[in-house]
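*Asks:* Before anything else, here's the structure in question.
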Amino acid sequence: MARLPRLSVAGQLHLVAQRGAAGQALFVDAPDRANYLSALRDAGRHWGVPLHGDALLEAQVQLLLTPAEPIGLTRAMQSTARRYVGGFNSRHGCKGSVWGGRFRSAVVEPAFLLSCMAYVEQAPVRQGLAASAGEWAWSSAPHHLGRRPDPLITEHPDVWRLGNTPFEREARYRDFLGRALTAKESEAIRASLDGGWVLGSGAFAHA
């Protein structure tokens, strides 16, 4: 069956996931994760794709991005993947790609921003990598909780609406992040991501 064309919309939030090849870890150590973030930063700047949230897991990366142009998302992800693989193979004496196919993405209605941020930043907890989201260093959770500024993160405009000061925004998001997403919410996000469908209302999807 032919794969569906990837939907990418300029100026809209996108939830992105890219998985490692079966049985292969994407990251062996902290330098690997730092190298990935460096490649993502440079590609995002070049193609106009700011990063709003991320989680670097053992065999998957999850990202929240907004491309300035539709083609920018694909170009930035391709550039990041190629550069990372080259560095990974050089460091570890490997050959071939670590990626298990193309990345997956879903266009996200702004009303679902916080749910998607929580979905991404709670991923280390779901996978047993951390007891709480804020404890996982390789995600945007410490940044959004006010524990560690992350220069790679560009705040989505809707984050600023959480409060007039950083303390207000961090406190409100801390409360939100502490509430586990319901099974229905998580499944809706996962289904949209895996299927490449719009995550949002019918009016937003047909706009």
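The values are calculated or read from the model by the stated rules, or taken from the named source; none is laboratory data. In this text the structure is predicted, and so the values were computed from the model without any measurement. Here the Cβ positions follow ideal geometry from the backbone for every residue, glycine too, while neighbour counts run over all protein chains shown. Remember, those area values only see protein heavy atoms, side chains included, never the ligands or the DNA or RNA. Shrake-Rupley method; radii C 1.70, N 1.55, O 1.52, S 1.80 Å.
*Asks:* Which residue pairs have Cβ atoms under 9 Å apart, sit 6 or more places apart or on different chains, and have a first residue in the range 178-192 that is closer than 15 Å to A17 by Cα and of a type in the set (K, R) and a second that is open to solvent by less than 60 Å² (accessible area, probe 1.4 Å) and assigned to a helix (DSSP H, G or I)?
*Replies:* Once the first residue is closer than 15 Å to A17 by Cα and of a type in the set (K, R) and sits in the range 178-192, its partners that are open to solvent by less than 60 Å² (accessible area, probe 1.4 Å) and assigned to a helix (DSSP H, G or I) give R190/Y119.
*Asks:* Right, here's the next one. For the range 15-47, which positions are closer than 18 Å to V108 by Cα and in contact with a Pro (Cβ under 7 Å, 6 or more places away or on another chain)?
*Replies:* Passing the criteria: none in range.
*Asks:* Let me ask something additional. Considering only residues of the range 142-192 that are open to solvent by less than 80 Å² (accessible area, probe 1.4 Å), out of contact with any helix residue (DSSP H, G or I) (no Cβ under 9 Å at 6 or more places or on another chain) and closer than 16 Å to E121 by Cα, which is modelled with the highest pLDDT?
*Replies:* The selected residue is H143.
*Asks:* Only one of L57, L15, L26, L7 is under 25 Å from E187 (Cβ atoms), of a type in the set (A, V, I, L, M) and surrounded by fewer than 21 Cβ atoms within 10 Å (Cβ to Cβ); which?
*Replies:* L7
*Asks:* Another question, then. Among the residues in the range 56-70, are any out of contact with any Lys or Arg (no Cβ under 6 Å at 6 or more places or on another chain), more than 30 Å from R172 (Cβ to Cβ) and of a type in the set (D, E)?
*Replies:* Yes, the range 56-70 contains a residue that is out of contact with any Lys or Arg (no Cβ under 6 Å at 6 or more places or on another chain), more than 30 Å from R172 (Cβ to Cβ) and of a type in the set (D, E).
*Asks:* Could you check the range 144-165 and list, in sequence order, the residues that are charged (D, E, K, R), outside any loop (DSSP other than H, G, I, E, B) and out of contact with any Leu (no Cβ under 7 Å at 6 or more places or on another chain)?
*Replies:* Listed by number, the list holds a single entry, R161.
*Asks:* Another question, if that's okay. Looking only at the range 124-138, count how many residues are part of a helix (DSSP H, G or I) and of a type in the set (A, V, I, L, M).
*Replies:* Number of matching residues: 2.
*Asks:* Among the candidates V85, V98, V108, single out the residue that is at pLDDT below 95 and touching a strand residue (DSSP E or B) at 6+ places or on another chain (Cβ under 8 Å).
*Replies:* Step by step, each of V85, V98, V108 is checked, and only V98 is at pLDDT below 95 and touching a strand residue (DSSP E or B) at 6+ places or on another chain (Cβ under 8 Å).
*Asks:* Of the residues that sit in the range 99-129 and are more than 25 Å from L26 (Cα to Cα) and either among the small types (G, A, S) or without any contact (Cβ under 8 Å) to a residue 60 or more places away in the chain (or both), which one is most open to solvent (accessible area, probe 1.4 Å)?
*Replies:* A111
*Asks:* Out of all the residues in the range 86-131, which are of a type outside the set (G, A, S) and touching a Gly at 6+ places or on another chain (Cβ under 8 Å)?
*Replies:* If the condition is that a residue be of a type outside the set (G, A, S) and touching a Gly at 6+ places or on another chain (Cβ under 8 Å), then N89, V98, W99, R104, V107, V108, E109, F112, C116, M117, V120, E121 are the ones that fit.
*Asks:* Where the second residue is open to solvent by less than 30 Å² (accessible area, probe 1.4 Å) and assigned to a helix (DSSP H, G or I) and the first is closer than 14 Å to R45 by Cβ and lies in the range 66-79, which pairs have Cβ atoms under 7 Å and are six or more apart or on separate chains?
*Replies:* P67/L73; A76/A43; A76/G44; S79/A43
*Asks:* Looking only at the range 13-41, count every residue that is assigned to a helix (DSSP H, G or I), over 18 Å from T154 (Cα atoms) and among the aromatic types (F, W, Y) and tell me the total.
*Replies:* 0
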